[in-house]
Each structure stands twice: as structure tokens, then as C-alpha cells.
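This report concerns only the one structure given below.
Values in this text are rule-based calculations from the coordinates and carry no lab data. Being a predicted model, the structure only gives us computed values, none of them experimental. FYI the Cβ positions are ideal-geometry reconstructions off the backbone, even for glycines, and counts take in every protein chain you see.
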Amino acid sequence: MSHTHNLTSTKCAKCGACTVVCPVYQRTGKESYTARGRLHLFITLRKKTRSRAYGDILSKCLLCGACADVCPRGIDVPSIIRQTRCDFPRLAGPLHFKKLLTKKALASPHILDSLGTLQKNLLSGIPRESGLRKLLPFPEIAKGNEAANVLSLSDYKNTANAQISYFTGCMARYLSPTISSSTIHLTEKATGAYPAVPPGQTCCGLASYSSGDTEEAKKLARRNITAFSDSHLPILTSCASCYTHLRGYSDLLADDPDWAERAEDFAKRVCEFSSFFLSRIDQLSFSHTPSSPRIFYHDPCHLRFGLQKILIAPRRLITIASGSSPLELPHGPQCCGHGGLFSLAQPNLSQQILDPLLDEVSELSALQVVTTCSGCLMQLMRGTGKKASSIRVEHLSILLNRFLE
Ligand code: SF4
Ligand code: SF4
């Protein structure tokens, strides 16, 4: 994850490998949205930076990393886009204000607290069977689950025997606390003790970072590093996007002499959800029925691309827990089109990327879709809700808990 780029030194071979994998190019057919096209435009438009074309290139990218993953020259176009968004935040999309609000809300626990309560109150008057609930992205509330509430971190302070600490991420803490309670329950089974859940933790900062607000991202990183500095325990997170971003704190704060070493120590402690529970599989016992539960596992882009691809661990875990291998798409994993703030800035394009994925999942006759990324979860829940699909979408921790003995 590099933070400095010199565009004139990026030697694109124009080989086109990036065009094949770009979800935006696949839907639009426009060369200007491939990594190759974006690089070309970045260089030719430099003098007229505030043009609409420039804003368009900045906005219509998921930062999925697929292009960087296949580029033979090692050109990291997502990082170039992120860095350029930093210089021109107002060009990053037509819904900039909404994105800004989302970013601010994620960085402020008290705003999220209020949003959760507001949603719950608003929905209390809507009948449980109403399709309106299905249109809402937040799962607990959409199901009319009154037990849904913000996870109380103070319940997990007294964890003298903890073997691991837990970074919840915003969705598992505020919007879908069943994810955090399921993860805590699994951790207790796998390690023999509750995890430590440091109360000072906050948003990982990915939304700020992706929108180009590096200063805010650094501020949030420092708060999290401080929150987890009471112990040297490994740090488990149930969100794939948080995982990738927390691991990147060492790069984010590399130039800060006061924080670089602490950030590096922190990043080394971060563990990915599936890999952690697979490593403790001997401590977990599952019971399952002989019939296949027809589970489809959705690969979050953050685990599919980049240096450490985590593709096998979640599949192994599902196979062991459910007794059946997860279903696979005929052409391999596909992006869901969420891309963090991309889905807010480019809702139509985001839907066009999501639709074919949902169609393929339906063709598999899947009954359940599981994943570990909060963004993918919200996108898939919204998509299946809109189609009134009966496919259940949930976090892997909830599925694993159901199969626990
Ligand atoms: S894969 Fe890399 S070198 Fe090839 S066209 Fe795309 S950006 Fe250029
Ligand atoms: S990061 Fe993804 S969406 Fe953006 S140019 Fe690369 S492949 Fe396309």
C-alpha cells in the first residue's frame, strides 16, 4: 500500500490485462474506466484537473484492487486514485455530501449510536411483513429484531484470561450486533475465554482513507492503536475490510516518527476471521444434517486481491462446520459492487455490478449467502431485499454459531 506515486514514472505496458478484470469496465465497456485508461487520462488531464472527466475517473472506481493484482508492471492504480482523491475531494462524486456524512458518521460513535436508535424507532411502526423492511440495508433492524442493540463493550472489559482481543468494526458494533455476539461466542469456544474488547476502539478509518481524507484516517488509526495498547494479544476482527485496513496502519503511519513503530507492532497483531477460527478448529465441534445447506460464500475483494489472498480458509471452515463444500460460481468469484463509498456515489453502476452476481447465485439454487465483509453484507442484503429473494444473507460468524454443538 504505497502512499506516494509519480504518475510520469508509471510505465504502463498497455497490455490490457487490467481491462479483463475491472468490474466497472465489464459493465460500461469504456476504456477510460480501465486502469490503463485511467492512467492515460490522469497524465493527459493533469493541467485541467478540475474537469468533469477527471472527477469521473476518480469517482467510478471501486478500489477493488483487481487491476493491481494482475498488472505485470506492478502499477497500483487504486492507490493512485485514492491519493488523487486526497487532492481533489470535491471531484470524487456527485453525491459528495452524502458520502461526507457517511464518513463523518463512521468516525463518530455517538452519531452511529443515534442513527441505530433512530432507525429502530422509525421502523417500530412498520409491520414485520412489510417489504419496506427488506429494502433497508441493516439486517437486525430489517428483520424487526427488537433485541438488536448496540454491543455494550463494557460487558467485556473484565477479561483477565483473554487469549485474543476483538476489534468489532462499526457494523458489528452498531448496526448488526449479532455479528459481534456470535464472534465473541465462537471465540469463547475456540480459546476457552471471552476476548478482550477494548472500549476506546473506533472506526478503522477505511472510509476516510478511501475518500482521500488521509489526515482523518491517521487520527482514527492512532486512536485504535492506543485503545489496543494495554496488551500484546493478537487482534481479531470480524470484518474483512477492517482487517485489510488495520493491517495497513504500518504503511499509513510509516512517516510519523512518533507512531511508526507502534503502528507496525499493531499491524502484526491483526488476525483475519476465517484463518483464526480455522487455526482453532480442534476446539470447535459442529453438528450438521446430511442434506446440503446450499451455502454460497462471497469473497470480499479485500481478501481476494493483494499480497495475502484469503480464499481457502473460509471455504474450509464452512465445509467443516456445515458438512458440505460451499457452492461456486461458474466463472469464479465476482465483485458485489459495494466498493465502500462507491455504492453511494455511483448507485446505478453499483447495482449493475451487483445484479449479475445475484442472478448467478440464484441459478446455483443457493439458500444462504455468507461473507465476512461489512460492506459486501450490506450490499448483498439490500440486493436480495430489493428482489424479494428468499436467500438468507448473513455474516459467517452467525452461520458458524448455528452449526456449533
Ligand atoms: S495491466 Fe498494468 S501494464 Fe497492463 S495495461 Fe493495465 S496498467 Fe498497463
Ligand atoms: S480498482 Fe477495480 S474498479 Fe478501480 S480501476 Fe482497478 S479494477 Fe477497475
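Here is how the numbers come out for the structure above:
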| quantity | calculated |
| --- | --- |
| Backbone HN-Hα couplings from phi across region 291-303 [Karplus 6.51/-1.76/1.60, Hz, Gly and Pro as x] | 7, 5, x, 6, 9, 10, 9, 9, 7, x, 4, 5, 9 |
| Segment D265-R316, length gained on full extension (0.36 nm per residue, minus Cα span) | 15.5 nm |
| Segment K30-R392, length gained on full extension (0.36 nm per residue, minus Cα span) | 126.9 nm |
| Built amide H within the under 5 Å cut-off of V393, gap 5+ | V369 |
| Prolate/oblate/rounded label for region 215-363 (Cα gyration tensor, a/c 1.5) | oblate |
| Anisotropy class of region 312-402 from Cα gyration tensor, a/c 1.5 cut | prolate |
| Computed label-point distance, nm, for sites A13 and V70 using a 7 Å Cα→Cβ extension | 1.4 nm |
| Region 256-405, relative contact order in percent, only Cα pairs under 8 angstrom and at least six apart counted | 26 percent |
| Computed E for E215/N348 - FRET, C-beta separation, R0 25 angstrom, nearest 0.05 | 0.20 |
| Loop-located trypsin sites (Lys or Arg not before Pro) in region 268-349, at most 12 other Cβ atoms within 10 Å (DSSP) | K309 |
| In region 323-392, the GluC sites (Glu not before Pro) that fall in loop regions by DSSP, at most 10 other Cβ within 10 Å | none |
| Length gained when the stretch R223-S292 is fully extended (0.36 nm per residue, less Cα-Cα span) | 20.4 nm |
| Projected label distance in nm at L364 and L329, using a 7 Å step from Cα toward the beta-carbon | 0.9 nm |
| Residue pairs, from the table K11/K219; K60/K219; K30/K268, whose Cα atoms sit over 29 Å apart | K11/K219; K30/K268 |
